[in-house]
Amino acid sequence: MWSSFWRSRDRFSLDELRYLIDQLQKVQIVNDVNKDFVIEALRSISELITYGDQHDSNYFEFFMERQVMGEFVRILKVSRTVSVSRQLLQTMSIMIQNLKSEHAIYYLFSNEHINFLITYAFDFKNEELLSYYISFLRAISVKLDKNTISLFVKTQNEEVVSFPLYVEAIRFAFHEENMIRTAVRALALNVYHVGDESVNRFVVKAPRADYFSNLLTYFRKQCIDLNGLVSETLKNPDSDTTTAILAAVDEIEDDLYYISDVISAGIPDVGRLITDKIMQLLILPLLLPSLQLDAANDIQIGAITSLYLLCCILRIVKIKDLANTIAAALFCSPEAFIADSETKLNGYVPDHVHEIQQPENENVIEVNGCSKQIMQSLSSSSQVRTEDIISKGVSHSTLRDALLSYITVGDDLQVLGSLSMLATLLQTKELDEIMLDALGILPQRKQHKKLLLQALVGEDSREDQLFSLGSSSIRDEFNCELDGYLQTLKDQYGVACSSLEVGTTPSAHRFQVLHTLVSLFCRSNISPETLWDGGWLFRQLLPYSEAEFNSQHLKLLKDSYKNCTCALLEETRGTWPDLLVSILRDEWKKCKRAMEASSPPKEPKCILFPLEKSSADDVLPSESSIIAGEKMCKVVKVFVLLHQLHIFSLGRALPDQPPTCLPSDIPENSRARTAGLDASGPKLGAELRLVDAVPCRIAFERGKERHFCFLAISVGTSGWILLAEELPLKKHYGIIRIVAPLAGSNPAIDEKHSRWLHLRIRPSTLPVLDPAKSITHGKAKTKALVDGRWTLAFRDDESCKTALSMIIEEFDLQSSEVKRRLNSLLNIEGGIDVPDSSLHPSEASSSTQTPSNSS
C-alpha cells in the first residue's frame with residue numbers, strides 16, 4: 001500500500017485528494033511503521049484543500065462529502081505518536097488560516113469535531129506540541145464573528161455556559177514561553193472584539209474573571225522583578241544589567257498595551273475591574289508608598305521604579321477614573337498607604353531604596369549661587385512656605401510635596417523621575433483640568449481659556465475677576481471638585497485623604513511648582529539633560545509676559561544666568577575655545593527643538609538607568625582635555641537653556657540661531673596674514689612664510705630627533721601650533737609638517753632645563769560630539785582619547801621664552817575673538833548684564849600673563 005502512495009500522479013488534482021482520503025481511511029492504527037505516511041497525507045490534504053479554495057470549489061465539496069473532519073478525529077484517537085498530533089494541529093491551522101470561503105469556514109466550525117480537537121487531552125509536556133495547539137486556537141479566533149462564535153459556545157436560557165476555545169486558551173495565559181503568552185492574548189482580544197453580549201457576560205463572570213485579576217497579579221510580579229534589576233544597577237552601576245532592564249521594560253510596556261487593548265474592546269465592567277485591580281494590587285500598596293522621601297527599607301518597589309511605572313500606566317492605560325484617582329492620591333499623606341503597603345508577596349526580599357542625597361549644611365543650601373535665604377524671600381512673596389520648596393528630607397504632608405522635594409534636593413534620577421511624572425500628568429488627556437489645576441500644572445493658556453469660557457457663559461462677567469485666580473468662587477469650585485475625588489478614593493479604596501488647607505487656590509499650587517522649577521535651575525549638581533526636561537515643563541506653565549511672572553522668579557533666573565555666564569566666559573580661555581561657538585550654535589538648535597517639542601526630551605524609562613558616564617571616567621586623569629571639553633559642553637547646555645527660558649519669560653519668540661556676531665576679517669598685521677594663511681587655516685604639506693618662526697628640536701621616537709621651525713598662529717576663533725621644515729632653496733619659507741591645536745596646550749618652561757618648553761597636545765575634536773562614539777547606558781563604544789605631550793628644545797633661553805610668549809599672545813587673540821563673537825548673546829534684553837569677568841577684546845589681547853592651566 002505504501003509504495004503506491006509514492007507513484008507518479010498529478011499532485012494538485014481531485015484524484016490526488018480522493019486517493020489520499022482513501023488511503024487515510026484504511027489506517028486502523030498509527031504507529032512508528034506508518035506514521036510517516038499519515039503525516040505526509042495530512043500535510044498534503046491541507047495543501048489540496050487550500051488550493052481548491054482558490055481554484056475549484058469541488059475540492060471542498062469532496063472534503064465535506066467524505067467527512068474528512070471525522071477522519072481527522074479518528075486518526076487522532078488511534079495515534080500513539082506526538083508527531084501525528086502535531087501534524088494534525090498544523091493541518092487544521094493551515095486550512096483555517098487560508099480558506100477564504102465563508103461557506104468552507106462555517107462547515108469546519110459547524111460540527112463538534114472542532115470542539116473535540118479543542119478539548120482533546122494532548123500531551124502538553126511536549127513544548128512543541130503546545131505551540132502548535134495554541135497556534136491552532138489562535139487561527140480559529142481570527143475567523144470569529146458574531147455568526148461563527150455561536151458555534152463554539154453552549155448556551156442555557158440564552159446565557160453562555162461553556163466556551164472551550166476561550167477557557168482552554170487562558171489556561172496558558174501566563175506560560176513561561178513569550179510566544180505562547182502573546183498568542184493567547186491575541187486570541188482573547190479576538191474574542192472580545194467580536195462584541196457578542198452573551199460572550200462578554202460569560203468572560204466577566206467567575207471564575208473566568210479571575211483571568212483579569214491574574215493578569216494584574218502577573219504584571220505586579222513583572223514590576224517587582226524590574227525593581228530588582230534597577231536596584232542592582234543603582235547599587236552597582238558597573239553591573240551588566242542594561243540588557244535585562246530593557247527586556248523587562250519592553251515586556252512591561254507590552255503588558256500595559258495589552259491591558260489597554262482589553263479595555264478598549266468595550267466589554268462592560270472590564271475597565272472598572274482593571275482599574276480596581278491596578279489600584280488594589282499595585283498602585284496603592286506598592287507604588288505610591290515608595291514616593292515618600294523617608295520610605296522604609298521594606299518597601300517592595302523603589303521610588304525610581306515607581307515613578308517610571310506610574311508614568312507608563314498613565315501614558316498607556318487610557319482610563320479616566322484611573323488617571324484621576326492616581327492624581328487625587330497624590331494629595332494623601334504617606335501614612336494613608338501604610339496598611340496597604342504592608343501587604344507582602346511570598347518570598348519577598350526587601351529591595352534597595354534609592355536614598356535622597358541631603359546637603360551637608362542644612363542652614364544654607366547653595367544652589368549655583370542661590371542661597372536658601374533667597375528662596376525664603378521667593379517663598380514669602382507668593383505665600384508659599386519655604387518648607388514646601390526646599391526640603392530637608394523630613395516627612396512631607398502629601399505625596400505631591402514629596403514629588404516637588406525630589407526636584408529641589410534629589411539626585412539626577414530622582415529629579416528626572418519627578419519631572420517625568422509631572423510631565424506625564426500634564427499630558428494625560430484623561431485627567432480632568434480641575435485635577436491638573438489642583439496639582440499646579442495646568443498650563444496658563446488653558447487656565448485663561450477656562451476663565452474666559454466661564455465669563456462668556458455668565459458665571460463671572462466682571463473683568464477684574466476674570467483673571468483673578470484667587471477669587472472665592474474659583475476657590476470654592478476648585479475645593480468642591482477636588483473633595484469629590486478624595487471622597488471617591490476613600491469610599492472605593494479605603495484611603496483617607498484630608499482636604500486641602502482652607503484658602504488654598506490653584507494659583508498657589510501653580511506658583512509652588514514654578515518655585516520648585518526655578519530652584520532646580522539654580523542647582524549646579526544636576527546634569528544639563530535633566531535640566532532640559534525641567535525647562536520643557538517650565539515652558540508649559542510659563543505665563544505670557546514678564547508682567548505676569550513673579551519678580552523673584554525672574555531674579556533667581558537672572559542670578560543663575562549670570563553665574564552660568566561667568567562659567568561660559570571662563571571657557572573662552574579654557575581648553576576648547578575654538579569649538580565653543582559652534583557647540584553653542586548646535587546646542588541652541590537642539591534646546592529650541594526640545595523646548596518646543598510636544599513631549600519632554602527624555603522618555604520615562606531613562607530614569608531606570610544610571611546617567612551616562614563620561615568617556616573619561618575611570619580612564620583619564622582629572623586634568624585631561626577630554627574631561628575639560630565635556631565640562632564645557634555641560635556649561636554650554638545650561639547656558640543655552642537659561643538664555644532661552646529668559647526669552648520665553650519675556651513672551652518673545654525664540655530665534656532659530658543664537659545672536660552671535662559674525663566672524664571678523666584677518667587683520668593685516670596679524671601673524672597669520674604675515675605667514676600667508678587664509679581663513680581656512682593651515683594644511684599639512686602647504687608652504688608658508690617663516691616670519692617670527694623659532695628653530696627647535698623634538699623627538700617623536702626615541703633616538704630620532706628632528707629639526708623644525710616653531711610657530712603659534714590664530715585665525716579668528718581657531719589657533720594652531722605649527723612645526724614646519726625650512727626649504728633649503730627658498731629662504732624664510734617652509735613646509736607645514738605637523739599641526740596641533742593651540743588652545744589647551746598649557747605651555748610651561750621646564751624648571752631644570754630653561755631651553756625646554758613642555759606642551760600638552762589635545763585632540764582636534766571632542767568624542768562627545770561624535771554620535772557614533774556616544775555612550776549607551778554607561779558603556780563607551782570606543783576607547784577614550786588621551787592627550788599628547790611634547791617637549792620642544794630651543795637653542796637658548798631667549799628662544800624658549802619667545803616661543804612661550806608667542807603662544808600666549810596668539811591664545812589671547814583667539815580668546816578675544818571668541819568673546820567678541822559671544823558678546824551680543826551675553827547682553828540679552830531684560831536687564832541681564834555681562835559679568836565683570838567678561839573682558840574687552842583689546843584688554844584680552846594686551847594680556848601677557850601665562851595661562852592659569854600652564855603646568
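How many nm separate the modelled label positions at D692 and V167, each set 7 Å beyond the Cα in the direction of the Cβ?
Calculated label separation equals 9.5 nm.
Are there trypsin sites (Lys or Arg not before Pro) in the range 695-776 that DSSP marks as loop and that have at most 15 other Cβ atoms within 10 Å, and which are they? Walk me through the numbers on the way to the answer.
Details: sites: R697, R702, K704, R706, K730, K731, R737, K752, R755, R760, K773; in loops: R702, K730, K731, K752, R755.
Hits after loop and neighbour filter: R702, K730, K731, K752.
Using the 2.2 N^0.38 Å rule of thumb for compact globular proteins, work out how the range 224-324 stacks up: its C-alpha Rg over that value, please. Working shown, then result.
Details: Rg = 14.8 Å, N = 101, 2.2 N^0.38 = 12.7 Å.
Dividing the Cα radius of gyration by 2.2 N^0.38 Å gives 1.16.
What's the extension gain from D796 to N58 if we count 0.36 nm per residue and subtract their Cα-Cα distance? Working shown, then result.
Details: separation 738, 0.36 × 738 = 265.68 nm, distance 10.67 nm.
Full extension from D796 to N58 adds 255.0 nm.
Determine the gain in length on full extension of the stretch K589-T243; use 0.36 nm per residue of separation and subtract their C-alpha separation, reporting nm with one decimal. Don't jump to the answer; show the numbers that get you there.
Numbers: separation 346, 0.36 × 346 = 124.56 nm, distance 3.19 nm.
Gain on stretching K589 to T243: 121.4 nm.
What fraction, in whole percent, of alpha-carbon pairs in the range 606-693 exceed 18 Å separation? Provide the component values of the computation, followed by the final result.
Numbers: 2725 of 3828 pairs.
Value for the range 606-693 (Cα pairs over 18 Å): 71 percent.
State, in angstrom, two size descriptors of the range 9-205 derived from its alpha carbons: Rg to one decimal place and Dmax to the nearest whole number.
17.1, 55
What FRET efficiency do you get for D225 and E725 if R0 is 45 Å and r is their Cβ-Cβ distance, rounded to the nearest 0.05?
Values: r = 66 Å, r/R0 = 1.46.
E(calc), rounded to 0.05, equals 0.10.
Give me the one-decimal Kirkwood hydrodynamic radius in Å for the range 676-779, with the sum taken over alpha-carbon pairs.
Details: mean 1/r = 0.0634 Å⁻¹.
One over the average 1/r among Cα pairs gives 15.8 Å for the range 676-779.
Filter K235/K490; K125/K154; K320/K634; K143/K605 down to the pairs with a C-alpha to C-alpha distance above 31 Å, please.
Details: K235/K490 37 Å; K125/K154 29 Å; K320/K634 40 Å; K143/K605 37 Å.
Flagged as over cut-off: K235/K490; K320/K634; K143/K605.
So which trypsin sites (Lys or Arg not before Pro) in the range 64-116 are both in a DSSP loop and have at most 14 other Cβ atoms within 10 Å of their Cβ?
Values: sites: R66, R74, K77, R80, R86, K100; in loops: R66, R80, K100.
Taking the range 64-116 and a limit of 14 other Cβ atoms within 10 Å, the loop trypsin sites (Lys or Arg not before Pro) found are R80, K100.
Rule-based calculations on the coordinates, nothing more; no lab input. Nothing here was measured: the structure is a model prediction, and the numbers come from that model. Note that we place each Cβ from the backbone using ideal geometry, even for glycine, and neighbour counts take in every protein chain shown.
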